[in-house]
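What follows is a short report on a single structure.
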There are 2 protein chains.
Amino acid sequence: MADKITSRSEDYSQWYIDLVRSAKLADYADVRGCMDIRPNGYAIWEKMQAALDRMFKETGHVNAYFPLFIPESFIAKEAEHIEGFAPECAVVTHGGGEELAEKLYIRPTSETIIWSSYKKWIQSYRDLPILINQWANVVRWEMRTRLFLRTTEFLWQEGHTAHANPEESQEEVLRMINVYKTFAEEYMAMPVIMGKKTDNEKFAGAVDTWCIEAMMQDSKALQAGTSHNLGQNFAKAFDCQFQTKDGVLDYVWATSWGVSTRLIGALIMAHSDDRGLVLPPKLATRQVVIIPILRGDKAAVIERANALAQELNKNGIPSFVDSSEQNSPGWKFAEYELQGIPIRIELGPRDIEKGICIAARRDTLEKTELALDETLPDQISEILNTIQESMFERALQFRTEHTFEVQSYEEFKVAVEKGFVIAHWDGTAETEAKIKAETKATIRVLPEEADYIAQYRIDEPGTCIYSGKPAARKVVFAKAY
Amino acid sequence: MADKITSRSEDYSQWYIDLVRSAKLADYADVRGCMDIRPNGYAIWEKMQAALDRMFKETGHVNAYFPLFIPESFIAKEAEHIEGFAPECAVVTHGGGEELAEKLYIRPTSETIIWSSYKKWIQSYRDLPILINQWANVVRWEMRTRLFLRTTEFLWQEGHTAHANPEESQEEVLRMINVYKTFAEEYMAMPVIMGKKTDNEKFAGAVDTWCIEAMMQDSKALQAGTSHNLGQNFAKAFDCQFQTKDGVLDYVWATSWGVSTRLIGALIMAHSDDRGLVLPPKLATRQVVIIPILRGDKAAVIERANALAQELNKNGIPSFVDSSEQNSPGWKFAEYELQGIPIRIELGPRDIEKGICIAARRDTLEKTELALDETLPDQISEILNTIQESMFERALQFRTEHTFEVQSYEEFKVAVEKGFVIAHWDGTAETEAKIKAETKATIRVLPEEADYIAQYRIDEPGTCIYSGKPAARKVVFAKAY
Ligand SMILES: [Zn+2]
Ligand SMILES: [Zn+2]
């Protein structure tokens, strides 16, 4: 069962690591900076993959696979790209017992190796668009690691698209950041702010980076997904030109976009509690655990529990029974709370007599008495929907309560210790850097959502809280993971 | 459209490469020995993954993910293992801009990194069995590469299980090789011989390797999947002991098993023809292409074609229409034959008048007139089933016709140029090595299937065709990929 989990109030970072390890989601592997994603954690990733993959295909994308290795000369072709990524790469120098003539980098991201192939695939506008996604592992050498959030190797998907004009590629960038927003909010029950990164925070090699930013329970920000408008940067680096409809040559327009196993960390930090994991039903492989209370005619209780599980499974609600006698009901309650199973059903001999059972919600720990009849699958479905929605609402309320609008740098410094801060910024990298140096807070996002902009009057001009210079709009500052 | 594909009779190897590239299944990447798996090829892998993953889960397995990197000292812990794998590894010597204290090998297979974790997870018989599968990329440095069949990096799944006793682990080994056999025969329509490898051909570090062997259209053998009984070898190497039910300490019993993107190569070489890919319907993402013949009232024909596709899709038969006017019907016929779409439906204005359409089978190129009415989905389903079965039957017949029983080494040398040879072997590594040196044929499998054993009287004692010494049974020799 659970090792003791440190409480969030006592030590939030320790709580996170304790939870990840106790719930057997992941653990540090015996190789520096890497993790084992254990079956309980990988099951969450599989649910995420299934939902995202479906959304990618519905928006016209197909999957493919490109090499793990990138020749050093490729990484070097895009100047900002190599500057951003080379220092954090793992480098293969030997293969098949011999020293290699050219070093191979383990992909930290695949723009360069993919564009070396796109160059061969694209001659004419008829070859466009290319809408490819790849599910893969990537490696970025990390000095300080944290399970799921920052490890040397992680799993992700990376979309890489090629277009005939900048309007189409910009449409694609927005389409995909909105797919991520939908996924975060509807599946992860995690509200996010969609918008742009500053030049300083954007992807190395991009013209613009769009992102979704979420708030964790310690009120810090976490970047949950990015979609990059790469302009013609990579096409130029790889000399990838195509014949337009008008018969002239132009460089191809590109995007890339990705989310990673980091989302599992975000999911945990957004929703879980001191008892363990809290999973939104849509990402739970097992939605209901049935725990028979073994008194009186034990065999009859177990039989009824099994029948109930079968009935729920038949109705598309993945359920299972734990009827082991080795562990007490109390032990089982704690264990499945730790594992984040959204609903626990308790079923004893007297409940069966009375024609009822008890359903306990994992998110609120609230218990309800349910009629043990043919309406049960519907009742359970409704509770699952309620859990999914109320987890989102609770997280949204938390974010609202921890979002502060400030007018001065003094107010800013206080507020930024407590959550997201909305403030005027003069638009200069200089101010951004100074604020970061002094407070560790960064500009998380220049919001581009109408609702959010209206709520916080983001586009109202004003005075930069730091420099006192004119500011065209407000931005969102926070300390971040 | 298709570049010219060399015919099989002219040059089988060139036919294969031409097909893989023309059908856009894969291509050599710009990094030594690696391939791009293009969307058409990756779609086959996704179908394979879905079927296999379901079968793994139905047999009680869960997925997880372990690190790409293996410290040099881990690889070295199992003596046969390092001897077998170290020479073909890619080695990371630098990370984050610094030279590493210990070299990291890119996993060629994951036994060692996984057992270093299992050691931490297993204390008692209550922690067993562990039934984990991993979908991953692996790297084995190859001097001579061939798309899908042998590349430096490839994709695969690797199961790694841990058991409390040798009976259970042996059961697991057999369960999984039989899962592979079922998959090969029922999904890939590719008959395989299930059995054991000789000591010389077994996995480096295994007690026993079980395999499935298939015959390609050039009558060469291809190993399509393996399941290894690892005994206590890796548990001993990693000092992984557990407390048994009887309260004593014992080393854990292990298995591992895997199939890879090599199966895509096998699928192509088992079934495809000079026009391109031939896909068994169960592995085809798109089972039916509808080609409207655009004469007369073109809009009406296209409308009817779209309605038909919708009807088929509604009935679970993935179908699409190519109504582009840019390409002729003849061009489209060739293109979708190249892509291996199992059924082509041709639909012209006169067909619609007559209430019929023409269905062309990709495997036999046979055309049938079908009634264009509400029975069409059923008619198409039946043809798809027929294709699936007849592809298997045809491949089985080919294998039977190219399997030879011989009594002498003279006969052997002639027969082994034409297919599988069933012959008595004295059981010594010496004879095996000499035959290999003289003929390039290897012992592919010691059959363990009752039907196959009965058919070829495999367990009949006799005289070794090479040494003339007594031989307990016959084995299957062939030249192999
Ligand atoms: Zn608070
Ligand atoms: Zn022949």
Can you confirm whether B:W15 is in contact with a strand residue (DSSP E or B) (Cβ under 8 Å, 6 or more places away or on another chain) and either within 30 Å of B:D250 (Cβ to Cβ) or more than 12 Å from every other protein chain (Cβ to nearest Cβ) (or both)?
no
For the subset of segment A:112-130 comprising residues that are away from chain B (no Cβ under 11 Å) and assigned to a helix (DSSP H, G or I), which member is surrounded by the fewest Cβ atoms within 10 Å (Cβ to Cβ)?
A:D127
Residues of segment B:205-220 classified as free of Cβ contacts under 8 Å to residues at least 24 places away in the same chain and in a loop (DSSP other than H, G, I, E, B), total
0
Check whether at least one residue in segment A:21-28 is away from chain B (no Cβ under 14 Å), surrounded by fewer than 21 Cβ atoms within 10 Å (Cβ to Cβ), closer than 23 Å to A:I341 by Cβ and in contact (Cβ under 8 Å) with a residue 60 or more places away in the chain, and report yes or no.
no
In segment A:33-52, the residues that are over 17 Å from the mean Cα position of the chain (by Cα) and among the basic types (K, R)
A:R38
Looking only at segment B:95-111, and only at residues there that are surrounded by fewer than 18 Cβ atoms within 10 Å (Cβ to Cβ) and not charged (D, E, K, R), the one that is modelled with the highest pLDDT
B:A101
Limited to segment B:425-466, what total is found for residues that are in contact with a strand residue (DSSP E or B) (Cβ under 9 Å, 6 or more places away or on another chain) and small (G, A, S)?
3
Segment A:310-322, subset among the polar types (S, T, N, Q) and surrounded by fewer than 17 Cβ atoms within 10 Å (Cβ to Cβ), residue nearest to A:A284 (Cα to Cα)
A:N313
Could you list, in sequence order, all residues of segment A:414-435 that are surrounded by 16 or more Cβ atoms within 10 Å (Cβ to Cβ), part of a helix (DSSP H, G or I), within 28 Å of the chain's Cα centre (by Cα) and away from ligand 1 (no atom under 16 Å from the Cβ)?
A:E432, A:I435
If A:V62 satisfies all but one of (1) more than 9 Å from chain B (Cβ to nearest Cβ); (2) surrounded by fewer than 20 Cβ atoms within 10 Å (Cβ to Cβ), what's the number of the condition it fails?
(1)
Considering segment A:378-397 alone, what residues qualify as being touching a residue at least 60 places away in the same chain (Cβ under 8 Å) and buried (at least 18 other Cβ atoms within 10 Å of the Cβ)?
A:I380, A:L384, A:I387, A:Q388, A:M391, A:F392, A:A395
When the residues of segment A:113-146 are filtered to those that are modelled with pLDDT of 95 or more and among the polar types (S, T, N, Q), which remaining residue is nearest to A:V173 (Cα to Cα)?
A:N133
Would you point out the residue of segment A:215-247, among those that are under 29 Å from A:F477 (Cα atoms) and touching a Cys at 6+ places or on another chain (Cβ under 9 Å), that is surrounded by the fewest Cβ atoms within 10 Å (Cβ to Cβ)?
A:Q223
Under the condition of being in a helix (DSSP H, G or I) and touching a Ser or Thr at 6+ places or on another chain (Cβ under 6 Å), which residue from segment B:72-110 is farthest from the other protein chains (Cβ to nearest Cβ)?
B:I75
State yes or no: is B:Q339 farther than 30 Å from B:T182 by Cβ and away from ligand 1 (no atom under 16 Å from the Cβ)?
no
Just checking, how many residues over segment B:398-413 are without any contact (Cβ under 8 Å) to a residue 24 or more places away in the chain and either among the aromatic types (F, W, Y) or surrounded by 17 or more Cβ atoms within 10 Å (Cβ to Cβ) (or both)?
1
Among the numbered conditions (1) within 16 Å of ligand 1 (Cβ to nearest atom); (2) assigned by the TED database to the domain that holds A:T439; (3) among the basic types (K, R), tell me where A:R399 comes up short.
(2)
Going by the conditions given, is B:V192 in contact with a Gly (Cβ under 9 Å, 6 or more places away or on another chain) and either closer than 25 Å to B:E46 by Cα or assigned by the TED database to the domain that holds B:R473 (or both)?
yes
Quickly run through segment B:136-156 and pick out the residues that are within 8 Å of chain A (Cβ to nearest Cβ) and among the hydroxyl-bearing types (S, T, Y).
B:T152
Give, as residue ranges, the strands (runs of 3 or more DSSP E) completely inside segment A:231-320 that count at least 1 residues that are of a type in the set (V, I, T) and under 23 Å from the mean Cα position of the chain (by Cα).
A:253-260
Hey, B:I44 more than 10 Å from chain A (Cβ to nearest Cβ), more than 16 Å from B:A136 (Cα to Cα), touching a residue at least 60 places away in the same chain (Cβ under 8 Å) and assigned to a helix (DSSP H, G or I) or not:
yes
Mind listing just one residue for me: the one in segment B:383-431 that is away from ligand 2 (no atom under 16 Å from the Cβ) and polar (S, T, N, Q) and, of those, nearest to the other protein chains (Cβ to nearest Cβ)?
B:Q388
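The values are calculated or read from the model by the stated rules, or taken from the named source; none is laboratory data. As the structure is a prediction and not an experimental result, all values here were calculated from the model. Virtual Cβ from ideal backbone geometry, glycine too; neighbours counted across all protein chains shown.
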